[in-house]
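Quick notes on the structure that follows.
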Amino acid sequence: MSTLTIRLATPADRDAIVTLMQRAYRGEESKQGWTSEADLIDGERITPEAIDQVVESPHHRFLIAENEAGLLIGCADIEQLTLAPDTCSFGKFAVEPTLQGGGVGKVLMEAAEAEARRAFAATRMVMTVIEGRQELIAFYARRGYAATGNRVSMSDIHADPSMTRGHDLILLEFAKNLDQG
């Protein structure tokens, strides 16, 4: 793996983040990696406006990973939960499809956990994964995340059923105690 720089995103990073997330999860390009949702979900993965809101929020820390040439190759968002301030949600996690499996995601996830502890004094991190995505579930399990038993239907989150091609996809929640590393 090449040298990575991990830093907080700025508003100037917005378009590159949107492009990366679309490449990592939607369309044919995403199939170069192993995190593609192209066969499950249609539409935009994220909007520029959503990135603006996250980058400007004091309850979020949006991290980006850049290679030695300064190109954005990964991103992840951590959000301090209002109802459980010692818990952060981990999401908007993407790695350039052609670089997946090379360690960028692992380094970025470790940086996000450290930032959650540093910025929010978080002791717990939660995330959701689409049910049936065994390769992703195994990736998170290797990093200490375990199923909580909580589930939510994507139809409860997205009003447009065409986005999930009429399928009721289920998101499973996973959590990690950050006090244990």
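Overview of values
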| item | result |
| --- | --- |
| Hits in the range 95-134 - residues which are basic (Lys, Arg), in contact with a Leu (Cβ under 7 Å, 6 or more places away or on another chain) and farther than 21 Å from Leu8 by Cβ | Arg124 |
| Residue count for the range 124-142, restricted to those that are of a type in the set (D, E, K, R) and either in contact with a strand residue (DSSP E or B) (Cβ under 6 Å, 6 or more places away or on another chain) or at pLDDT 90 or above (or both) | 3 |
| Residue among Arg124, Arg118, Arg133 that is in contact with a helix residue (DSSP H, G or I) (Cβ under 7 Å, 6 or more places away or on another chain) and surrounded by fewer than 21 Cβ atoms within 10 Å (Cβ to Cβ) | Arg124 |
| Counted residues, the range 46-72 - those being under 13 Å from the mean Cα position of the chain (by Cα) and of a type in the set (A, V, I, L, M) | 6 |
| Residue in the range 63-74 that is of a type in the set (Asp, Glu) and within 18 Å of Tyr145 (Cβ to Cβ) present | no |
| Qualifying residue in the range 144-153 (condition: within 29 Å of Thr10 (Cα to Cα) and modelled with pLDDT of 85 or more) | yes |
| Leu169 being at pLDDT below 90 and either among the β-branched types (Val, Ile, Thr) or over 19 Å from Cys75 (Cβ atoms) (or both) | yes |
| Pair list, Cβ < 8 Å and 6+ apart or interchain, from the range 131-153 residues that are more than 21 Å from Ala94 (Cβ to Cβ) and without any contact (Cβ under 8 Å) to a residue 60 or more places away in the chain to residues that are surrounded by fewer than 16 Cβ atoms within 10 Å (Cβ to Cβ) and not hydrophobic (A, V, I, L, M, F, W, C) | Arg151/Glu131; Ser153/Asp168 |
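The values are calculated or read from the model by the stated rules, or taken from the named source; none is laboratory data. Just so it is clear, the model here is predicted, and its values are computed rather than measured. All Cβ positions, glycine included, derive from the backbone under ideal geometry; neighbour counts span all protein chains shown.
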